[in-house]
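This report concerns only the one structure given below.
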Amino acid sequence: MKQGLLKTSLIVTSFLVASCMQGTTPIPSNQTESSHIKQKPVGINTQATAKKTVRSTEYIRCTNKASSRLEQTECQNLELEREDIRLNQAYKTAIGKIQEFRRFDLKQMQILWIQYRDKKCDFFYHKESGSGGQNDALDCHIDMTQQRANELEALF
């Protein structure tokens, strides 16, 4: 295994382990399970990254108008698109500002983070869990994407 990839794997693994070791919080009945999963990144300015995730004004307007689970899901998909655009911009900014020899490591770390996010959030939705799991999975994707964008923005 290349030394750079090994270092990246160790960094991501320590981040994942630290994330899993956080305490749990009771979930109000009117919210989804994934909306209360908060992660504290390791080795990063946690003041800037540990803030609670929020939804956009567009999302709030959309969900206030939604009269079905399908419409709610569409609102979530649009919010995820907005956060994904923000994350991609934060990543591009980070890649542009770090030393060239660190770009490969950041790219590998981002790939691993995306894989982790997808596996973690997909856990909330399974074909046998019913349609509610889909909304929990989308909330998880939105929250984690927003938190990752916060992390990258705090670094640069």
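The values are calculated or read from the model by the stated rules, or taken from the named source; none is laboratory data. These numbers were taken from a predicted model, which means no experiment stands behind them. Every residue, glycine among them, receives a Cβ derived from its backbone with ideal geometry; neighbour counts consider all protein chains shown. Ligands, DNA and RNA are stripped out before the accessible areas are found, and what is left, the full protein with its side chains, is counted by its heavy atoms. Shrake-Rupley method; radii C 1.70, N 1.55, O 1.52, S 1.80 Å.
With K and R counted +1 and D and E -1, the other residues having a Cβ less than 13 Å from that of R103 yield a net charge of +2.
Accessible surface for the stretch 104-156, divided over its residues, is 48 Å² per residue with a 1.4 Å probe.
Using a simple spin-label model with pseudo-atoms 7 Å out from Cα toward Cβ, K119 and E74 lie 3.5 nm apart. Shown here: the stretch 51-156, whose C-alpha atoms stretch 50, 32, 20 Å along the first, second and third principal axes, sorted largest to smallest. Within the straight-line cut-off of under 12 Å between alpha carbons, the aspartates and glutamates reachable from K52 are D143, sequence neighbours fewer than 8 places apart in one chain being disregarded. The trypsin sites (Lys or Arg not before Pro) found in the stretch 49-138 that occupy coil by DSSP, while having at most 13 further C-beta atoms within 10 Å, are K51, K52, K127. Shape summary: the stretch 69-131 maps onto an equivalent ellipsoid whose semi-axes, from the alpha-carbon gyration tensor, are 31, 16, 4 Å in decreasing order.
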